[in-house]
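What follows is a short report on a single structure.
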Amino acid sequence: MKPTSKTSTLKAPIQRGFSLIEVMCSMFILTVGLVSLLSVFALSLKTTQTAQQDLIAKQLANEAVESIFTARDTAQVQWSQIQNVSSGGIFLDNMQPVNNAGADGIFGTADDAVAGGQILYPPGTNGLPSTANPMPLTLYQRSILITPVVRAGATIATLRNLRITVQYSTTQYSTPKTYVLTGFISQYR
């Protein structure tokens, strides 16, 4: 009997790489992700560029509401006058240019056209308003809508809805942007 010797042959581990199809699929997924990320970045950049106009619109709406409340609180106008012209009040109907308050000091009334368009004076280098770069607000329009409050079919005589809409155009958007401020005003101060 012959002694047998076993020779062990060790196999090298199988080296496996990525196939071409796997590489192509991963590149496609990566490309879709990057394109999506770039579109979100472009949208945020577009939104950031209109932030100043958005803030101006908000301030114009607040300005109109404050002038209405001030007129009521100082008894400058009667409760019956705090309505749109079409309802027998003093506030103009529909979109109007953003003008300075007229002689009555109330925004959105007929005497505003005489006072001329509003101009914004942004702060200068010292942080104070500067006349160096005036910004006319000709791209803005404002509407003040005052309607009665109706509950259970009955009109509440001492309460009215306020809806201030500011519409403005920007170069970034093809359609005008709109800011709406809603609230209530009561007869009581």
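Between helix 51-73 and the chain there is an angle of about 30 degrees, using the helix long axis and the longest principal axis of the Cα atoms. Applying 0.36 nm per residue to the separation of V40 and F28 and subtracting their alpha-carbon distance, the gain on full extension is 2.5 nm. Any chance you could give the angle, 0 to 90 degrees and rounded to 10, that helix 20-49 forms with the longest Cα principal axis of the chain? The angle comes out at about 20 degrees. In this label model, T147 and N62 are separated by 2.6 nm, measuring between points 7 Å along each Cα→Cβ vector.
For the chain, set up a GNM with springs between Cα atoms under 10 Å and report which of M135, M27, M95 has the largest fluctuation. Checking each option, the largest mean-square fluctuation is seen for M27. Short-range pairs are left out: with C-alpha atoms under 8 Å and at least six residues apart, the relative contact order of the range 1-125 is 12 percent. The 3J(HN,Hα) values that the Karplus relation (6.51, -1.76, 1.60; θ = phi - 60°) gives for the range 102-116 are, in residue order, x, 4, 6, x, 10, 6, x, 10, 4, 7, 5, 4, 5, 6, x Hz. Gly and Pro appear as x. Here Cα extents along the principal axes in Å was computed from the coordinates, and among (1) 41, 35, 31; (2) 127, 54, 30; (3) 71, 40, 38 the match is (2). Rounded to two decimals, the Cα-based Rg/Rh of the range 95-169, with Kirkwood Rh, is 1.16. Extension gain for T47 to T125 (0.36 nm times residue separation, less C-alpha to C-alpha distance): 25.6 nm. Identify all aspartates and glutamates with a Cα-Cα distance to K46 below 14 Å; exclude those on the same chain that are fewer than 8 residues away in sequence. Output for K46: D54.
All of the numbers you see were taken from the coordinates with simple rules; none came from a lab. Quick caveat, the model's predicted, so the values are computed rather than measured. Because the Cβ atoms are built from the backbone with ideal geometry, glycine has one as well, and the counts that use them run over all protein chains shown.
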